[in-house]
Amino acid sequence: MSRLDRAAAFKRAAAVLRENDRGAYTIPTKGLYPFQWNWDSCLTALGLRHLDENRAWQEVETLLDHQWPDGMVPHIVFHVDDDGYFPGPGVWRTGRPVPTSGITQPPVLAYVMKRLHDEAGDRALARRKAQALLAKADAWHRWFYACRDPKDTGLVAIIHPWESGRDNSIDWDEAMMRVPTDGVEPYERRDTRHVDSAQRPHKADYDRFLWLLQRFRGLGWDNARLHDASPFKVVDPGFNAILIRSDSDLADLAQTLGEPEIAARARERVAKARAAFETLWSDAFGQYLCLDRVSNQLIDSPSIGGLLPVFAGLGDGARQRSIAARIEAWRKRTRFGVASHDPADRRFESKRYWRGPAWIIVNMLIADGLRRCNLADAAAKVEAGSLALIEESGFAEYYDPISGEGLGGGQFTWTAAMVAELVKRAA
Ligand code: DGY
């Protein structure tokens with residue numbers, strides 16, 4: 001991309017960020033997602049800082065204002081009424097003063113906080129803001145290991161596919177078969193009013209998403225009980241890698257800010273998680289796989305979740321190079337970006353949400369990880385692939401990695417945020 005093209009891309013990205021800005025938080029896109037989403041918001045802050053650093057901090061502060069007393073940071077905060085989205089607060093009924101959902105999402109928060117702090121223009125502002133949020137991030141991470149790893153294995157499980165952020169990934173198919181659908185209250189989806197249903201999860205997925213929600217609601221959203229009560233419990237390598245990276249960033253940040261106790265606690269969690277993590281490696285696939293915590297079996301589903309561990313520098317050099325080779329092999333079968341699932345798998349679908357499409361945000365986490373593992377050439381290729389997608393199809397939610405077509409919601413905030421990042425880094 002030329003300097004001129006980069007300046008134009010930044011301008012377009014900034015316009016998307018402004019369009020979706022609701023004052024103290026940003027919506028992912030109009031219509032389809034009209035509230036604040038957890039990991040969307042945190043990653044959006046990385047883009048917002050290039051417009052206004054104070055506003056970037058405010059994005060994560062607003063999210064943390066709605067942290068639950070037990071430490072969980074919910075996946076959606078319903079700041080306003082909007083019946084364009086289902087399931088809304090009347091379905092979740094979590095009883096929070098400002099309604100929220102009752103599950104969580106990938107904890108990119110502390111990774112983002114460290115970057116906002118370390119790369120800040122306004123050092124004093126960054127120090128003040130980060131200091132005020134450290135204990136909240138620590139409480140969330142403690143909550144994970146207390147409530148989603150009750151047997152103290154060192155790895156956390158997700159109890160709902162929405163928690164992974166990769167809602168209808170092939171990774172969940174087997175475990176979701178165990179989730180019944182009897183007793184699901186009648187409902188009307190709204191997502192397919194905004195987006196072609198061929199690009200969204202199937203009704204069979206939604207029935208099970210709703211069954212799990214109703215089960216947890218029936219238990220009063222008591223996180224001390226939900227893990228054991230859920231028929232869906234999966235240890236996702238991508239999710240755990242994000243938690244490990246964030247915890248290690250939290251430790252460094254806490255050390256810098258003079259909070260040695262928080263730092264020591266986080267380091268202890270990281271050491272334990274790292275030791276447990278390699279049980280998720282598969283020689284047959286040359287990457288990590290999900291573990292079904294109910295059957296105690298690895299799940300034969302080669303998805304991007306199993307490549308994400310580079311984000312936390314997990315594995316030895318040989319495993320990291322094997323992941324880079326997997327990425328290269330996937331890229332050879334497509335034209336754009338890194339797909340969300342192995343394109344050689346017969347279950348791969350190039351347009352259906354998390355069953356194949358390329359997501360720029362995950363590509364960026366992968367690129368960050370490859371650099372961390374001293375695989376800078378591989379990282380540069382992934383970043384170039386992301387920019388090629390934007391040039392081809394604008395700021396979509398996700399993309400068909402074969403045709404490059406933009407899919408899902410348009411004018412998408414976190415895609416714009418990542419473009420702002422890429423362009424500023426290249427400047
Ligand atoms: C949705 O509604 O599609 C979201 O991904 C759930 O958080």
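Overview of values
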{"read-out": "Filter result for Arg200 (within 19 Å of Gly409 (Cα to Cα), within 14 Å of the ligand (Cβ to nearest atom), at pLDDT 95 or above and crowded, with 17+ Cβ neighbours inside 10 Å)", "value": "yes"}
{"read-out": "Condition met for Asp191 (acidic (Asp, Glu) and within 18 Å of the chain's Cα centre (by Cα))", "value": "no"}
{"read-out": "Some residue of segment 181-189 being closer than 25 Å to Glu349 by Cα and away from the ligand (no atom under 16 Å from the Cβ)", "value": "yes"}
{"read-out": "Hey, Glu328 more than 30 Å from Arg178 (Cβ to Cβ) and either of a type in the set (Val, Ile, Thr) or at pLDDT 95 or above (or both) or not", "value": "yes"}
{"read-out": "Subset of segment 10-45 [closer than 20 Å to Leu365 by Cβ and of a type in the set (Gly, Ala, Ser)]", "value": "Ala13, Ser41, Ala45"}
{"read-out": "Cβ pairs under 6 Å, 6+ apart, first in segment 29-41 and in a strand (DSSP E or B), second within 11 Å of the ligand (Cβ to nearest atom)", "value": "Thr29/Gly409; Trp37/Pro28; Trp37/Ile76"}
{"read-out": "Per-region count, segment 19-31, residues buried (at least 21 other Cβ atoms within 10 Å of the Cβ) and within 15 Å of the ligand (Cβ to nearest atom)", "value": "3"}
{"read-out": "Residue match in segment 247-256 (condition: within 16 Å of the ligand (Cβ to nearest atom), of a type outside the set (Ser, Thr, Tyr) and either without any contact (Cβ under 8 Å) to a residue 40 or more places away in the chain or surrounded by 19 or more Cβ atoms within 10 Å (Cβ to Cβ) (or both))", "value": "no"}
{"read-out": "Residue ID - farthest from Ser164 (Cα to Cα), chosen from residues in segment 88-97 that are of a type outside the set (Val, Ile, Thr) and either away from the ligand (no atom under 12 Å from the Cβ) or in a loop (DSSP other than H, G, I, E, B) (or both)", "value": "Pro97"}
{"read-out": "Some residue of segment 397-418 being closer than 27 Å to Asp300 by Cα, outside any loop (DSSP other than H, G, I, E, B), without any contact (Cβ under 8 Å) to a residue 24 or more places away in the chain and within 19 Å of the chain's Cα centre (by Cα)", "value": "no"}
{"read-out": "Hits in segment 121-171 (condition: within 16 Å of the ligand (Cβ to nearest atom) and among the basic types (Lys, Arg))", "value": "Arg166"}
{"read-out": "Total residues in segment 309-361, condition assigned to a helix (DSSP H, G or I) and either out of contact with any Lys or Arg (no Cβ under 9 Å at 6 or more places or on another chain) or surrounded by fewer than 24 Cβ atoms within 10 Å (Cβ to Cβ) (or both)", "value": "18"}
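Table: residues versus (1) small (Gly, Ala, Ser); (2) within 16 Å of the ligand (Cβ to nearest atom); (3) at pLDDT 95 or above; (4) assigned to a helix (DSSP H, G or I).
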| position | (1), (2), (3), (4) |
| --- | --- |
| Ala15 | yes, no, yes, yes |
| Trp57 | no, no, yes, yes |
| Val60 | no, no, yes, yes |
| Leu63 | no, yes, yes, yes |
| Val73 | no, yes, yes, no |
| Asp83 | no, yes, yes, no |
| Phe86 | no, yes, yes, no |
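The values are calculated or read from the model by the stated rules, or taken from the named source; none is laboratory data. The structure presented is a predicted model; accordingly, all values stated were derived computationally and were not measured. Cβ sites come from the backbone with ideal geometry, for glycine too, and all protein chains shown count toward neighbours.
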